[in-house]
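Below you'll find the structure, written out as structure tokens, and then a few comments.
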Amino acid sequence: MELVTIENITLFLALWGAGLSTYKVISDHRKSVRKLKVNITFGFRIKRRSTGPSVVILSAINMRNRDVTLNSMGFILPDKRYLLIVEPQSNVSFPYTLNEGKECSVWQTQKEFAEELETYGFSGKIKLKGYFKSATGKTYESKKISFNTESIME
């Protein structure tokens, strides 16, 4: 039995073409989908060569080649309620269109944030997520982080 026959070559070319076209469809779809990476970090504000208060920083990075218009942001509490940042301190003003590969950030002092969490009944070490919401209604979330309200309040 021969392996190199006209039928086997035709079958190979058909499978090769089907594989390439499937790859192309998936690749084109991935390029057209919006993707944001949301992070929560902790840091300090710098004021005239000295460190200011410690802050919670919520940032969004556009990971794809489609612009995303962001219009709200905040934190997802352990009980799944959304804590909206109404007047964000930020490097941009909202609503904001985030271009490919660009980043924007909002921040709040850790002390103010801890006080706000305590008004919602959360104290001690809690796990929460950050989020940004787009103009189309899609919510982009960060990974969970731990935040200790008691260590901030001391």
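The values are calculated or read from the model by the stated rules, or taken from the named source; none is laboratory data. Only a predicted model underlies this, so the values are computations on that prediction, with no experimental measurement involved. When we count neighbours, we look across all protein chains shown, and the Cβ atoms used for this are built from the backbone with ideal geometry, even at glycine.
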Problem set entry | Residue selected from region 56-75 under the condition touching a Lys or Arg at 6+ places or on another chain (Cβ under 6 Å) and touching a residue at least 40 places away in the same chain (Cβ under 8 Å), by the criterion farthest from residue 101 (Cα to Cα) | 72
Exercise. Looking at region 32-47, which of its residues are surrounded by 14 or more Cβ atoms within 10 Å (Cβ to Cβ) and more than 29 Å from residue 152 (Cα to Cα)?
Worked result: 34, 36
Problem set entry | Lone qualifier among 54, 50, 93, 123 - being under 18 Å from the mean Cα position of the chain (by Cα), surrounded by fewer than 16 Cβ atoms within 10 Å (Cβ to Cβ) and modelled with pLDDT under 95 | 93
Exercise. If you go through region 1-55, how many residues are without any contact (Cβ under 8 Å) to a residue 24 or more places away in the chain, among the basic types (Lys, Arg) and within 21 Å of residue 105 (Cα to Cα)?
Worked result: 2
For this session: Return the pairs, sorted by first residue and then second, in which the second residue is of a type in the set (Phe, Trp, Tyr), the first residue lies in region 94-122 and is over 14 Å from residue 148 (Cβ atoms), the beta carbons are less than 8 Å apart, and the residues are 6+ apart or on different chains.
Result: 104/96
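How many residues does region 130-139 contain that are of a type outside the set (S, T, N, Q) and either crowded, with 19+ Cβ neighbours inside 10 Å or without any contact (Cβ under 8 Å) to a residue 40 or more places away in the chain (or both)? Spell out the reasoning first.
Looking only at region 130-139, we keep the residues that are of a type outside the set (S, T, N, Q), and these are 130-133, 135, 137-138.
Still in the running and either crowded, with 19+ Cβ neighbours inside 10 Å or without any contact (Cβ under 8 Å) to a residue 40 or more places away in the chain (or both): 130-132, 137.
Looking only at that region, the number is 4.
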Problem set entry | So residue 19, is it in a helix (DSSP H, G or I) and either at negative phi or outside the structural domain of residue 146 (by TED's automatic domain parsing) (or both) | yes
